[in-house]
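Peer 1: Can you keep this structure in mind? I'll have questions shortly.
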Amino acid sequence: MSEQPRSERFEFTDTASSPGTAHGHDAAHDHGASDPGALPDETLAEVNSQMRDIAEVPAVEVITTAAVHLMSAAAVKCGLAAEENAEELKDLDEARKLIIALAGLITAAAPEIGSQHAGPLRDGLKSLQLAFREASPFPDAPGAGPGEKFTGPVYG
C-alpha cells in the first residue's frame, strides 16, 4: 500500500450526527436551514477557518500543547491548584487517568519531538507522578504508579 496524497478536502458541514446514523449522514433526513440543530453558516466558516489555521501549526507545538493541558489538569486533580479550594478539587482517580495518558503521549512522541522538547515534558511528568504518590493515602509501589508502565519506576 503506497502513501498517495488524498485528493478530497475535509470540511465541516451542517449535517449533524444523529442517533442511528453513520458518519453524520442520514439520507432520510436533510439538515437544512429549517433544522433547529443545524449550525449557522458563520459557525461552520469559523470552524473551517480554525482547521486551516491548525494546519499551519507544527506537530511538535500541537503535541507539547496537549501535554501541557494534560499536566495542568493532572496537577489540579492531584490537589496542586493554587486556589484555596485545592483540596476540594483533588480527585486521584481522575489524576491517575490523566497521568497515564500524559505518560503514553510523552513516551510515544519523544522520538518524534526530540529531547529538547521531550526532556522538560518528562521532568513535569515525573513531578506529577511523585506528587500523585505523595497525595495518595495508600501510595503505589515504585513501578506500579500511574504511567510507570510507560516510564519505568519513579523514585523521589
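Peer 1: Hey, for a label at Q116 modelled as a point 7 Å past Cα toward Cβ, could you say which residues of the range 60-78 have their backbone N under 18 Å away?
Peer 2: 60-65
Peer 1: Same structure again: Among 101-112, 68-79, how do they line up by average Cβ neighbours within 10 Å per residue, starting with the highest?
Peer 2: Details: 101-112: 17.7, 68-79: 19.8.
For the peptides 101-112, 68-79, the packing ranking is 68-79, 101-112.
Peer 1: Hey, with R₀ at 25 Å, roughly what FRET efficiency would E46 and E88 work out to, going by the Cβ-Cβ distance, to 0.05?
Peer 2: Values: r = 36 Å, r/R0 = 1.43.
The pair E46/E88 has a calculated efficiency of 0.10.
Peer 1: Here's something else I'd like to know. Mind giving me the FRET efficiency for A141 and A59? R0 is 41 Å, r the Cβ-Cβ distance, nearest 0.05 is fine. Before the final figure, lay out the partial values.
Peer 2: On the way: r = 36 Å, r/R0 = 0.87.
Given R0 = 41 Å and the Cβ-Cβ separation, E is 0.70.
Peer 1: Can you tell me which lysines have their Cα less than 18 Å from the Cα of K77? Leave out same-chain residues fewer than eight positions away.
Peer 2: Within reach: K90, K97, K126.
Peer 1: If the viscosity is 1.306 mPa s and the temperature 10 °C, what translational diffusion coefficient in µm²/s does Stokes-Einstein give for the range 62-109 when Rh comes from Kirkwood over Cα pairs?
Peer 2: 147
Peer 1: Which ³J(HN,Hα) values in Hz, rounded to whole numbers, follow from the phi angles of the range 139-156 under the Karplus curve 6.51 cos²θ - 1.76 cosθ + 1.60, where θ = phi - 60° and Gly and Pro get x?
Peer 2: Values, residue by residue: x, 5, 5, x, x, 10, x, x, x, 6, 5, 8, 9, x, x, 10, 10, x Hz.
Peer 1: Can I ask one more? Using a probe of 1.4 angstrom, how much of the accessible area of the range 114-156 is carbon and sulfur, in percent? Each step should come with its number before you reach the end.
Peer 2: Working: 1420 of 2520 Å².
Ligands and nucleic acids excluded, carbon and sulfur give 56 percent.
Peer 1: Separate question: Highest mean first, what order results for 124-135, 145-156, 86-97 on Cβ atoms within 10 Å? Provide the component values of the computation, followed by the final result.
Peer 2: Details: 124-135: 19.3, 145-156: 16.9, 86-97: 14.6.
Going by the mean number of other Cβ atoms within 10 Å, highest first, we get 124-135, 145-156, 86-97.
The values are calculated or read from the model by the stated rules, or taken from the named source; none is laboratory data. Computed from a predicted structure; not experimentally measured. Don't worry about glycine lacking a Cβ; one is built from the backbone with ideal geometry, like all the others, and counts go over all protein chains shown. We work out accessible area using only protein heavy atoms, side chains counted, and drop any ligands, DNA or RNA first. Shrake-Rupley method; radii C 1.70, N 1.55, O 1.52, S 1.80 Å.
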